[in-house]
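Remarks on the structure that follows.
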Amino acid sequence: MEYRHLGRSGLIVSELAFGAATFGASGEFFGAWADTGIDEARTMVDICLEAGITLFDTADVYSDGASESVLGAALQGRRDSVLISTKAALPVGSGPDDAGTSRRRLITAVEGALRRLRTDHIDVFQLHAYDAATPVEEVVDTLDVLVTQGKIRYTGVSNFAGWQLMKSPAAADASHRVRYVAHQVYYSLIGRDYEWDLMPLGIDQGVGALVWSPLGWGRLTGRIRRGTGLPPVSRLHRTADAGPPVDDDVLFDVVDELSAIADETGRSIPQVALNWVLRRPTVASVIVGARTPAQLLDNLGAVGWTLTGEQIARLDAVSAPEPSYPHFPYVRQAGFARLNPPLFA
């Protein structure tokens, strides 16, 4: 296991993190992922710690807080050996203050998360969505106070657009408040939109990526192949429409290439897909989830080795997205290449 700085901060995280959305899973959406209780969660945590994983990610919206509660119980007695990341902003109720990032909402969310997680601090606290109704200065100031109080150590966001993310560092710098060091983003071989604006922004502003769904919402496990339907047992039967969209032809072409490289390397298809994401710029940690210990152990096989340059080039080519405005190829041909060199040479 390698360890990396989270953005332009002193915090060091494991290159793989564990996503606890399956812990305590309940309800129509999260209940389709898994239903991991405390004993099973402890087993998962044991496997992670043995492999060198130090970062565990959750959110208050995951199963109405049950994910945080189960994770907190599973980490009892070893809190000092791990880092906890959680998120808030999405609705957790029907009340007017049950969503967003107002001062009241953030303070309430942090206090609730601390109780459920059975800890006195959160290592990385992220805003789970952009709240256009709350002034960014209020958000930045509130997070700074919570850091000063020691309740959270580092701050970040999740699923922000580039302009939304950029507003906060500007406000933080103007008032000498803490800056975001993390952006939890969707990024995979079948979802590379992150590269157009958010990745260059992360490089420029020192914001590290915590990658969610690096297997493309479960589509890059190797169980979905050209000419076949969904496997009999799969959460995609209930959650496919909620995940990031992908063109079937692109998916199958990518899986075909992953399969070929898996045969060459003696690795599994998920391991190859994860290894590709791990080598991308700005990526500090890749969050993996699992319904079973066997799935977790397979994901852990993504580290400790690396794809060759030729294999990476093949995956880059088969998964390359068509650029949108203002990223059309003709822009580079018009003389902008010298001013805006590509991220990947």
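The values are calculated or read from the model by the stated rules, or taken from the named source; none is laboratory data. Owing to the predicted nature of the structure, the values given are computational and were not obtained by experimental measurement. Here the Cβ is made from the backbone with ideal geometry for all residues, glycine too, and neighbour counts use every protein chain on show. Surface areas here come from the heavy atoms of the whole protein model, side chains and all, with no ligands, DNA or RNA. Shrake-Rupley method; radii C 1.70, N 1.55, O 1.52, S 1.80 Å.
None of 146, 114, 165 is more than 24 Å from residue 200 (Cβ to Cβ) and surrounded by 20 or more Cβ atoms within 10 Å (Cβ to Cβ) except 146. Per the conditions (1) of a type outside the set (A, V, I, L, M); (2) touching a residue at least 40 places away in the same chain (Cβ under 8 Å); (3) in a helix (DSSP H, G or I); (4) open to solvent by 20 Å² or more (accessible area, probe 1.4 Å), the sole criterion not satisfied by residue 153 is (3). Looking at 145, 178, just one residue is over 17 Å from residue 282 (Cα atoms), touching a residue at least 24 places away in the same chain (Cβ under 8 Å), outside any strand (DSSP E or B) and of a type in the set (Val, Ile, Thr), and that residue is 178.
Here residue 109 meets the list (1) hydrophobic (A, V, I, L, M, F, W, C); (2) assigned to a strand (DSSP E or B); (3) over 19 Å from the mean Cα position of the chain (by Cα) almost entirely, failing just condition (2). Among the numbered conditions (1) crowded, with 24+ Cβ neighbours inside 10 Å; (2) modelled with pLDDT under 95; (3) among the aliphatic types (A, V, I, L, M), the only one that residue 66 does not meet is (1). Considering region 282-308 alone, what residues qualify as being under 16 Å from the mean Cα position of the chain (by Cα) and open to solvent by 40 Å² or more (accessible area, probe 1.4 Å)? Once the filter is applied, which keeps residues that are under 16 Å from the mean Cα position of the chain (by Cα) and open to solvent by 40 Å² or more (accessible area, probe 1.4 Å), region 282-308 yields only 289. Please work out if residue 236 is open to solvent by less than 20 Å² (accessible area, probe 1.4 Å) and modelled with pLDDT of 80 or more. Against the criterion (open to solvent by less than 20 Å² (accessible area, probe 1.4 Å) and modelled with pLDDT of 80 or more), residue 236 does not qualify. Whenever a residue of region 310-339 is outside any loop (DSSP other than H, G, I, E, B), its partners that are modelled with pLDDT under 85, lying with C-beta atoms within less than 7 angstrom and at least six residues away or across chains, give the pairs 329/323. A single member of 94, 102, 85 is of a type in the set (Ser, Thr, Tyr) and open to solvent by less than 10 Å² (accessible area, probe 1.4 Å), and it is 85. Remark: pairs (first residue in region 182-201, without any contact (Cβ under 8 Å) to a residue 24 or more places away in the chain and under 15 Å from residue 279 (Cα atoms); second residue hydroxyl-bearing (Ser, Thr, Tyr) and surrounded by 21 or more Cβ atoms within 10 Å (Cβ to Cβ); Cβ separation under 8 Å; 6+ apart in sequence or on different chains) = 194/187. When residue 341 is tested against (1) open to solvent by 50 Å² or more (accessible area, probe 1.4 Å); (2) over 26 Å from residue 19 (Cβ atoms); (3) at pLDDT 95 or above, only condition (3) is not met.
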